[in-house]
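Since the structure comes first, as structure tokens, the remarks are kept for the end.
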Amino acid sequence: MQKIEQYNFSGKKAFVRVDFNVPLDENFNITDDTRIRAALPTLRKILADGGNPIIGSHLGRPKGVADKYSLRHILGRVAQLLGAEVLFADDCVGEETKAKIAALKPGQALLLENLRFYAEEEGKPRGLAEDASDEAKNAAKKAVKASQEEFTAKLASYADAYVNDAFGTAHRAHASTALIAKYFDAGDKMFGFLMEKEVQAVQKILKDINRPFTAIMGGSKVSSKIEIIENLLGKVDNLIITGGMTYTFTKAQGGKIGNSICEDDKLCLALDLLDKAKAKGVNIVLATDAKIADSFSNDAKTGFCAVDNIPDGWEGLDIGPETEKLYAGVIKQSKTILWNGPTGVFEFDNFTHGSRAVGEAIVEATAAGAFSLVGGGDSVACVNKFGLAEGVSYVSTGGGALLEAIEGKTLPGIAAIEENN
Ligand code: AMP
């Protein structure tokens with residue numbers, strides 16, 4: 001497979017799909033530029049070789065052209081971080097854009113306008129009335145699929161090489177993330193540096209496992225994590241199920257959970273998961289105590305109690321000190337660690353303690369030689385909030401993409417590069 005390190009971009013135009021879907025405030029200031037920074041090594045390599053990156057990305061979920069989602073808002077920061085001249089194309093395709101690309105001088109990059117201004121990027125019809133007939137829906141789908149080929153071919157025609165550095169969208173079979181790859185010879189398409197690192201990190205969790213392997217799955221709902229939990233049961237030695245999910249398990253086992261978050265329609269599923277874990281010899285670790293609050297608020301009155309004996313009118317918003325110790329003990333004995341999802345409502349400062357304790361235990365285990373992967377928006381926000389990112393082996397930029405990869409699914413963005421390679 002072509003490696004970016006070995007490729008010489010000299011005199012070449014490279015279409016680079018990045019994930020610059022950064023958060024913006026109401027004045028279009030970037031509030032977190034991690035995703036731009038993450039793509040810099042790839043863009044710098046192309047420029048240093050004497051090539052021109054043609055940078056393509058989406059921003060938000062526009063339903064058509066909308067200034068709110070224009071990538072022009074981030075142009076200044078991209079140029080500043082890259083330390084190079086970055087021109088802008090108001091349209092990601094078209095004659096003017098083609099001319100701009102042809103006129104690029106050495107050292108210059110071009111940022112294309114939001115790819116999702118075109119329905120063809122995602123290949124999904126837009127503007128259909130909700131009550132449209134199935135016939136109309138099918139016709140619209142067919143039409144957008146047909147014009148998607150044309151759109152993809154146009155994007156591909158502007159470049160000599162294709163680089164995919166957008167792990168965050170690798171689970172989407174969109175024009176610029178997957179379909180475009182077939183227009184390039186095997187030797188001219190490759191992962192960017194970020195994508196390479198992400199793929200390697202996932203491989204370490206999926207294939208190259210040092211045991212014991214512990215996964216810490218937190219977050220609010222069992223329903224959103226069920227597939228990954230089931231998949232992990234075949235791989236891990238220890239599975240810490242934490243966060244809001246805890247209380248569905250506690251209630252299913254007959255505990256008293258007060259007003260804690262719970263999915264009543266998932267109680268059987270929770271028991272079923274516990275049975276499956278037992279059958280597979282996986283050690284499921286659940287909280288024993290909780291930090292409780294008398295309302296869902298940072299300023300609520302708080303206390304600690306057994307996780308299965310929460311008084312009426314109170315709810316568990318984080319784990320308690322006994323559980324922190326329990327989790328830390330398991331984590332520190334582990335050689336491979338995956339963390340997805342907080343132990344509590346970490347957005348409230350008074351309920352961050354458990355998530356911080358988990359983060360610190362992971363850092364300690366990593367210092368002792370474990371491989372640790374943190375992924376999914378909220379756990380990444382946690383390690384950043386607590387200043388622990390440096391102490392873990394890898395912080396993934398992928399949310400949905402990471403979870404799908406760990407679920408064992410083939411990601412279209414990865415397959416498109418690996419196929420025929
Ligand atoms: P998810 O999006 O499923 O990964 O869940 C992350 C969210 O779960 C965060 O916003 C947390 O605030 C929330 N969460 C974690 N623990 C609890 C809890 N005990 N009660 C309510 N929400 C929680």
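The values are calculated or read from the model by the stated rules, or taken from the named source; none is laboratory data. Small disclaimer: the values here were computed from a predicted structure and weren't measured. Here the Cβ is made from the backbone with ideal geometry for all residues, glycine too, and neighbour counts use every protein chain on show. Side chains are part of the model used for accessible areas, which takes the heavy atoms of the whole protein and leaves out ligands, DNA and RNA. Shrake-Rupley method; radii C 1.70, N 1.55, O 1.52, S 1.80 Å.
Let me have the relative contact order for the stretch 64-158, percent, based on Cα pairs under 8 Å that are six or more residues apart.
Answer for the stretch 64-158 is 28 percent.
When the accessible area of the chain is split by element with a 1.4 Å probe, what percent falls to carbon and sulfur? Walk me through the intermediate numbers first.
Details: 8750 of 18120 Å².
Ligands and nucleic acids excluded, carbon and sulfur reach 48 percent.
Once amide H atoms are built 1.01 Å from N in the peptide plane, which residues 5 or more positions from ILE319, or in another chain, come under 5 Å H to H?
LYS291, GLY354
Could you let me know the centre-to-centre spacing of the stretch 390-421 and the stretch 68-82, using Cα atoms, in angstrom?
26
What is the ratio of the Cα radius of gyration of the stretch 4-191 to 2.2 N^0.38 Å, where N is its residue count, to two decimals?
Normalised Rg, Cα atoms only: 1.03.
Using +1 at the Cβ of each Lys and Arg and -1 at the Cβ of each Asp and Glu in the stretch 204-406, identify which of ALA370, PHE304, SER220 lies farthest towards the dipole's positive end.
Highest projection toward the positive end goes to ALA370.
In terms of the Cα gyration tensor, with a ≥ b ≥ c the square roots of its eigenvalues, is the stretch 204-406 rounded because a/c is under 1.5, prolate because a/b exceeds b/c, or oblate? If you can, show how the numbers build up before the last one.
Values: a/c = 1.73, a/b = 1.27, b/c = 1.37.
Because a/c hits 1.5 or more and a/b fails to exceed b/c, the stretch 204-406 counts as oblate.
When the helix-only estimate is applied to the chain (DSSP H runs of n ≥ 4, each -39,500 (n - 2.57), divided by the residue count), what is the mean residue ellipticity at 222 nm, nearest 500 deg cm²/dmol?
Result for the chain, helices only: -11500 deg cm²/dmol.
Can you tell me the order of 80-91, 25-36 when each peptide is scored by its average per-residue count of other Cβ atoms within 10 angstrom, highest first?
80-91, 25-36
With θ taken as phi - 60° and the coefficients 6.51, -1.76 and 1.60, list the Karplus ³J(HN,Hα) couplings across the stretch 364-376 in order, rounded to whole Hz; mark glycine and proline as x.
For the stretch 364-376, the Karplus curve yields 5, 5, 5, 4, 8, x, 6, 9, 10, 10, 10, x, x Hz.
With +1 on each Lys and Arg Cβ and -1 on each Asp and Glu Cβ, and nothing else charged, work out how big the dipole of the chain is about its Cα centre, in Debye to the nearest 20.
The calculated dipole for the chain is roughly 960 debye.
Using the alpha-carbon centroid of each, what span in Å lies between the stretch 129-161 and the stretch 9-48?
First find each Cα centre; the distance between them is then 26 Å.
Roughly what % of DSSP beta bridges within the stretch 4-191 run antiparallel, to the nearest 5?
Antiparallel bridges: around 5 percent, rounded to the nearest 5.
Looking at the chain only, what percent of DSSP beta bridges run antiparallel? Nearest 5 please.
Here the antiparallel bridges make up roughly 20 percent for the chain.
Assign unit charges at the C-beta atoms only (+1 for Lys and Arg, -1 for Asp and Glu), then state the dipole size of the stretch 204-406 relative to its Cα centre in Debye, rounded to the nearest 20.
Charge dipole, the stretch 204-406, about its Cα centre: 700 debye, nearest 20.
Cα centroid distance between the stretch 214-255 and the stretch 294-321, in Å?
20
Per residue, how many Å² of accessible area does the chain show with a 1.4 Å probe?
On the way: 18120 Å² over 421 residues.
That works out to 43 Å² for each residue.
So what is the relative contact order of the chain, in percent, for Cα pairs below 8 Å that sit 6 or more residues apart?
15
So which of LYS221/LYS332; LYS68/LYS142; LYS154/LYS182; LYS68/LYS189; LYS182/LYS204 end up more than 21 Å apart, counting from Cα to Cα?
Pairs exceeding the cut-off: LYS221/LYS332; LYS68/LYS142; LYS68/LYS189; LYS182/LYS204.
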